[in-house]
Amino acid sequence: SYQSEGLARFDGSTTEWFQLPEGYSTSNVHTMVLAPDNTVWLATPDGLLQFDGQNWQSTLILDGIVDNDTQLITFDDLGQMWVSTPSGLWRNDGSDWAPILNSVNSSADILAISSDGNGSIWVLTEN
């Protein structure tokens with residue numbers, strides 16, 4: 001049957017639909033990215049959502065980050081997650097979050113982030 005909202009996986013012939021967890025709506029998802037381990041990550045105003053193909057897990061960015069309004073996500077060659085919020089750009093090495101660009105060292109709004117495959121992260125900003 002056809003579904004109009006949720007997460008869909010298309011394998012070339014079949015579409016499989018997955019409901020977002022209760023309290024989340026696709027209208028609140030800023031972006032979606034596939035991690036190196038093939039889990040799906042969604043950036044939402046209330047933190048990150050991770051989907052492993054069967055189960056959802058919610059992740060709040062704590063430890064010094066001003067807000068959980070996650071907007072953009074990318075992964076680098078080492079598998080580290082890079083996340084933007086209105087308060088800046090943050091990197092997670094698998095266990096800890098570190099500020100890279102934040103309101104202390106930059107007043108720019110982050111419009112896009114991407115890994116170039118050579119160890120660098122590219123950030124498009126706007127004042």
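The values are calculated or read from the model by the stated rules, or taken from the named source; none is laboratory data. None of these values were measured; they are calculated from a predicted model. We place every Cβ from the backbone using ideal geometry, glycine too, and count neighbours over all the protein chains shown. SASA here: full protein model, heavy atoms, side chains in, ligands and nucleic acids out. Shrake-Rupley method; radii C 1.70, N 1.55, O 1.52, S 1.80 Å.
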### Query
What do you reckon, is ILE73 hydrophobic (A, V, I, L, M, F, W, C), modelled with pLDDT of 85 or more and open to solvent by less than 40 Å² (accessible area, probe 1.4 Å)?
yes
### Long-range neighbours under 6 Å by Cβ, at least six apart or interchain, first residue under 17 Å from LEU42 (Cβ atoms) and at pLDDT 90 or above within the stretch 6-19, second of a type in the set (S, T, N, Q) and in a loop (DSSP other than H, G, I, E, B)
TRP17/GLN3
### Task
Could you pull out the residue among VAL66, VAL123, VAL83 that is modelled with pLDDT under 85 and either hydrophobic (A, V, I, L, M, F, W, C) or not in a loop (DSSP other than H, G, I, E, B) (or both)?
VAL66
### Message
Filter the stretch 102-120 down to the residues that are open to solvent by 50 Å² or more (accessible area, probe 1.4 Å), in a strand (DSSP E or B) and either within 16 Å of LEU48 (Cα to Cα) or at pLDDT below 90 (or both) and list them by number.
### Response
ASP109
### Message
Can you say whether LEU78 is of a type outside the set (Val, Ile, Thr), modelled with pLDDT under 90, in contact with a Gly (Cβ under 9 Å, 6 or more places away or on another chain) and within 23 Å of ILE113 (Cα to Cα), as far as the supplied structure shows?
### Response
no
### Query
In the set TRP97, TRP90, which member is modelled with pLDDT of 85 or more and within 14 Å of the chain's Cα centre (by Cα)?
TRP90
### Query
Inside the stretch 7-41, can you point out the residues that are surrounded by 13 or more Cβ atoms within 10 Å (Cβ to Cβ), in a strand (DSSP E or B) and more than 14 Å from the chain's Cα centre (by Cα)?
LEU7, TRP17, PHE18
